[in-house]
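Participant: Next up is a structure, given as structure tokens.
The values are calculated or read from the model by the stated rules, or taken from the named source; none is laboratory data. Since the structure is predicted, the reported quantities are computational estimates derived from the model, not experimental observations. A quick note on method: Cβ atoms are made from the backbone with ideal geometry, for glycine too, and the neighbour counts reach across all protein chains shown. In case anyone asks, the SASA skips ligands and DNA or RNA and just uses the protein heavy atoms, side chains included. Shrake-Rupley method; radii C 1.70, N 1.55, O 1.52, S 1.80 Å.
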Amino acid sequence: MSEARIKELQDLLNQYNYEYHVLDKPSIPDAEYDRLLKELMSLEEQFPALKTPDSPTQRVGGAILDSFNKVEHRTPMLSLGNAFNETDLRDFDRRIRQVVGDHISYVCELKIDGLAVSLRYENGQFIQGATRGDGSVGEDITANLKTIRSIPLRLSEPVSLEVRGEAFMSKKSFEALNAIKEEKGEELAANPRNAAAGSLRQLDPKIAASRNLDVYFYSIADVGETGVDSHSQGLDYLDKLGFKTNQERRKCTSIEEVIEFVQGWVEKRPHLPYEIDGMVIKVDSLDQQIELGTTAKSPRWAIAFKFPAEEVVTKLVDIELS
Ligand SMILES: NC(=O)c1cnc(OC2CCCC2)nc1N
């Protein structure tokens with residue numbers, strides 16, 4: 001019966017897509033994926049009523065937009081205060097201890113150098129996605145986000161929540177894009193972050209789909225009813241739901257451990273397949289995050305440790321060697 005086959009193919013292809021783009025562990029060859037996708041597309045043409053929005057055939061939308069609608073974020077997308085050296089990190093730790101006492105653990109994450117996005121899911125289905133904008137109002141880029149293969153169109157559980165992440169372009173995709181731009185005599189993109197931003201702001205989803213964008217999710221906007229009571233549990237919950245989170249995160253029980261972990265990444269950073277501009281350090285306990293609260297625009301429970309810009313370091317090395 002075709003309806004059953006359509007449902008089976010939708011589930012299969014969503015699973016294969018998850019294995020390839022989220023786990024980076026494909027279980028079937030690409031040709032097999034393409035064959036099944038073609039079978040599903042022809043069956044959905046015969047039974048349009050079963051062509052659900054979360055079907056894998058619906059990733060590359062139709063219409064070319066003439067502008068983006070505005071989206072008001074239900075909870076503001078905060079920006080991060082910066083730390084530039086160990087003293088700044090120790091000051092951050094001291095300020096926190098003065099409020100919540102000495103029983104603290106931190107989560108350290110790579111600070112992906114892309115652009116912040118917010119995605120809303122209802123009953124496990126991807127409904128709407130937006131840019132950060134000014135933190136309160138962003139642009140509706142749902143159609144472009146649907147083209148990003150690592151974004152699940154359907155979660156493993158029928159939950160409703162809003163998640164935040166960083167959309168980015170890998171160094172390889174960036175080089176490939178600029179090689180094409182060079183051939184066409186177009187102006188090159190300055191860096192992967194700008195290339196990702198420009199790609200997500202394309203009014204034609206087909207162009208966004210061609211840019212090999214990716215996303216790492218890093219927070220749940222409204223942990224309310226999820227029942228998690230720490231940031232690290234929240235990230236594990238996102239993994240369980242089928243979101244792609246960055247696995248290089250580390251739970252640290254002291255600022256000394258944070259400093260050691262951060263220093264380690266200064267050396268490892270050039271070997272990453274994507275750009276990072278620092279590390280993000282967050283208080284793990286959600287109760288302590290609430291106790292610490294936020295300023296007008298930044299959380300008091302998180303800080304970004306900024307690395308010097310990668311290209312600057314390269315230039316300095318060039319000068320020394322020349
Ligand atoms: N670029 C990143 O990788 C990144 C950015 N922001 C955050 O957390 C912000 C969000 C809410 C307060 C702290 N985490 C990250 N990993």
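Participant: For the chain, set up a GNM with springs between Cα atoms under 10 Å and report which of 138, 114, 227 has the largest fluctuation.
Facilitator: 227
Participant: Name the residues whose placed amide hydrogens come within less than 5 Å of the amide hydrogen of residue 148, ignoring near sequence neighbours (fewer than 5 apart) on the same chain.
Facilitator: Distant-sequence amide H within range of residue 148: zero hits.
Participant: Roughly what angle does helix 231-241 make with the longest principal axis of the chain, taking Cα atoms, 0 to 90 degrees, to the nearest 10?
Facilitator: 10 degrees
Participant: Please report the spacing between the Cα centers of segment 200-246 and segment 84-119 in Å, no decimals.
Facilitator: 20 Å
Participant: Next up: Would you pull out the residues with amide H under 5 Å of residue 219's amide H, same chain only if 5 or more places away, H placed 1.01 Å from N?
Facilitator: The list, which skips near neighbours in sequence, is 164.
Participant: Continuing with this model, one more query. Give the percent of DSSP beta bridges with both residues in the chain that are antiparallel, rounded to the nearest 5.
Facilitator: So the antiparallel bridges amount to about 95 percent of the total.
Participant: Heavy atoms of the protein only, probe of 1.4 Å, neighbouring chains included. What is the accessible area of residue 251 in Å², nearest 10?
Facilitator: 110 Å²
Participant: I need the shape label for segment 139-298. Rule: rounded when a/c is under 1.5, else prolate if a/b > b/c, else oblate, with a, b, c from the alpha carbon gyration tensor.
Facilitator: Taking the square roots of the gyration eigenvalues as a ≥ b ≥ c, segment 139-298 is oblate.
Participant: Quick check on segment 174-242: take the gyration tensor over C-alpha atoms, sort the square-rooted eigenvalues as a ≥ b ≥ c, and tell me if it's rounded (a/c under 1.5), prolate or oblate.
Facilitator: prolate
Participant: How much accessible surface does residue 20 have with a 1.4 Å probe, in Å² rounded to 10?
Facilitator: Only protein atoms counted, so the area is about 100 Å².
Participant: Please arrange 52, 294 by accessible surface area, largest first, computed with a 1.4 Å probe and ligands excluded.
Facilitator: 294, 52
Participant: Kindly flag which residue pairs out of 70/282; 38/181; 146/282; 25/240; 70/146 have an alpha-carbon separation exceeding 19 Å in this structure.
Facilitator: Cα-Cα > 19 Å for 70/282; 38/181; 146/282; rest within.
Participant: Same structure, new question: Hey, what do the phi angles of segment 112-121 turn into as Karplus ³J(HN,Hα) couplings, whole Hz, using 6.51/-1.76/1.60 and θ = phi - 60°, x for Gly and Pro?
Facilitator: 5, 8, x, 9, 6, 9, 10, 10, 10, 10
Participant: A follow-up question, please. Given the whole protein assembly as supplied and a 1.4 Å probe, what does the accessible area of residue 306 come to in Å², nearest 10?
Facilitator: 50 Å²
Participant: Name the most mobile residue of 101, 61, 242, meaning the one with the largest mean-square fluctuation, in a Gaussian network model of the chain with Cα contacts below 10 Å.
Facilitator: Top of the fluctuation ranking is 101.
Participant: Just check segment 210-256 against the gyration tensor rule for me: Cα atoms, a ≥ b ≥ c as the square roots of the eigenvalues, rounded for a/c under 1.5, and otherwise prolate or oblate depending on whether a/b exceeds b/c.
Facilitator: It is oblate, given that a/c is not under 1.5 and a/b is not larger than b/c.
Participant: Restricting to segment 126-257, compute how many DSSP beta bridges are antiparallel as a %, nearest 5.
Facilitator: DSSP beta bridges in segment 126-257 are roughly 90 percent antiparallel.
Participant: Still on this structure: With every protein chain kept in the model, how would you rank 42, 285 by accessible area, 1.4 Å probe, largest at the top?
Facilitator: Descending order: 42, 285.
Participant: Net charge near residue 282, counting Lys/Arg +1 and Asp/Glu -1 over other residues with Cβ under 13 Å of its Cβ?
Facilitator: Neighbourhood net charge equals +3.
Participant: Quick query: amide H of residue 159 versus all other amide H atoms, modeled in the peptide plane; which residues come in under 5 Å with a sequence gap of 5 or more or a different chain?
Facilitator: Amide H to amide H, under 5 Å and 5 or more residues apart or across chains, residue 159 pairs with 124.
Participant: Do you know the relative contact order of segment 1-93, to the nearest whole percent, from alpha carbon pairs under 8 angstrom that are 6+ apart?
Facilitator: For segment 1-93, the relative contact order is 24 percent.
Participant: Computed FRET efficiency, Cβ-Cβ of residue 99 and residue 123, R0 35 Å: what is it to the nearest 0.05?
Facilitator: Once rounded, the FRET efficiency stands at 0.40.
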